[in-house]
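Each remark here refers to the structure printed beneath this line.
The values are calculated or read from the model by the stated rules, or taken from the named source; none is laboratory data. Everything numeric in this text was worked out from a predicted model, so none of it was measured. Here the Cβ is made from the backbone with ideal geometry for all residues, glycine too, and neighbour counts use every protein chain on show. Areas reflect the complete protein model, heavy atoms only, side chains present, ligands, DNA and RNA absent. Shrake-Rupley method; radii C 1.70, N 1.55, O 1.52, S 1.80 Å.
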Amino acid sequence: MTRSAAGAWHVPDDDLRLYAAGRCGPPLLWSVESHLVACPGCRDRLTAAAAAAEPALLDDGWAGLDAALDAPVPGPLERLVRRAGVPEPTARLLAATPALRLSWLGAVALTLALTAVFAHAAAPLVFLAAAPLLPLLSVAVSFGPGIDPTFELGLVAPISALRLLLVRVVAVVAVNAVLCALASLTLPDLGLAAAGWFLPSLALTVLTLLVATRLGMAAAAAAVGVGWAVLVALTLSAPFTAAGQVASAVAAAVACTLFSRRARAFDPSRLFPRSAFTRRLR
Ligand SMILES: [Zn+2]
């Protein structure tokens with residue numbers, strides 16, 4: 001240490017230069033560091049010494065600090081998906097899915113719980129009929145301008161819009177299926193029939209995607225949802241009998257085949273014919 005004109009101790013220039021070069025060892029290192037923490041004047045001299053010794057060092061340091069501050073902090077869902085082995089870009093686009101947000105999932109869980117309570121007390125059919133509509137609704141709000149903050153980013157990212165759509169649909173359907181399965185556990189009287197919502201739900205989701213390539217996402221979800229409600233109102237429990245389940249599986253397979261044929265010419269703007277985003281494209 002050296003003593004300034006004012007009488008306080010300061011780090012000598014030679015020691016500062018050693019410290020800046022990373023060649024300062026204990027015990028000198030300890031005293032220099034404890035002094036630097038308390039002395040702005042010596043910190044300024046250290047900055048000058050470091051800049052003089054290696055001009056790029058300071059810029060690199062600032063650039064590193066900037067990068068660390070600007071780096072996005074992954075949320076719990078993104079960390080979970082990354083841990084499951086999903087690559088970072090896909091995980092980020094998946095984590096931004098509106099229908100996978102806690103608020104949306106909370107609303108789905110609450111709706112399922114209320115429906116299950118009502119079904120338990122009055123009519124089990126209500127649960128079986130309502131459960132397939134929730135994944136449908138969730139898929140409808142999973143991908144699109146206005147509802148998805150990363151929609152336009154996703155379109156320009158080096159990932160196909162179709163792949164992004166399918167990744168999200170699979171994730172949304174899987175999460176909704178788990179919630180529906182948990183809710184159906186509250187209806188033990190139904191036995192295996194409590195899972196009768198699953199195949200119709202799959203069929204309705206794929207059918208929505210197929211119809212969306214012609215009518216747009218919102219109209220397709222509304223048309224398929226209303227169609228399902230009318231079908232259940234007319235046939236009551238028929239979709240949940242063995243024959244109804246087979247029909248659902250066949251409908252899902254046919255819709256899947258037709259969608260995969262249309263997928264080659266997939267154009268995301270056709271899913272949202274009325275949005276400002278699509279109008280800008282034209
Ligand atoms: Zn000092």
ask   = If you check CYS24, CYS42, which single one turns out to be at pLDDT 85 or above and out of contact with any Ser or Thr (no Cβ under 7 Å at 6 or more places or on another chain)?
value = CYS42
query = Taking the range 232-241 only, how many residues are without any contact (Cβ under 8 Å) to a residue 12 or more places away in the chain and open to solvent by 80 Å² or more (accessible area, probe 1.4 Å)?
reply = 1
request  = Take ALA194 and decide whether it is out of contact with any strand residue (DSSP E or B) (no Cβ under 6 Å at 6 or more places or on another chain), farther than 21 Å from ILE147 by Cβ, open to solvent by less than 20 Å² (accessible area, probe 1.4 Å) and in the same structural domain as ALA131 (by TED's automatic domain parsing).
outcome  = yes
ask   = Could we say that PRO40 is in contact with a strand residue (DSSP E or B) (Cβ under 6 Å, 6 or more places away or on another chain) and open to solvent by less than 80 Å² (accessible area, probe 1.4 Å) here?
value = no
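Okay, residues lined up against (1) hydroxyl-bearing (Ser, Thr, Tyr); (2) modelled with pLDDT under 90:
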{"position": "ALA174", "(1), (2)": "no, yes"}
{"position": "LEU179", "(1), (2)": "no, yes"}
{"position": "ALA193", "(1), (2)": "no, yes"}
{"position": "PRO200", "(1), (2)": "no, no"}
{"position": "THR208", "(1), (2)": "yes, no"}
{"position": "MET217", "(1), (2)": "no, yes"}
{"position": "ALA247", "(1), (2)": "no, no"}
remark   = So, first residue assigned by TED's automatic domain parsing to the domain that holds ARG17 in the range 31-47, second residue near the ligand (Cβ under 9 Å from one of its atoms) and open to solvent by 60 Å² or more (accessible area, probe 1.4 Å), Cβ within less than 6 Å, six or more apart or across chains; the pairs are LEU36/ARG43
task = Determine which single condition ARG23 fails, assuming it passes every other condition in (1) open to solvent by 40 Å² or more (accessible area, probe 1.4 Å); (2) not in a loop (DSSP other than H, G, I, E, B).
result = (2)
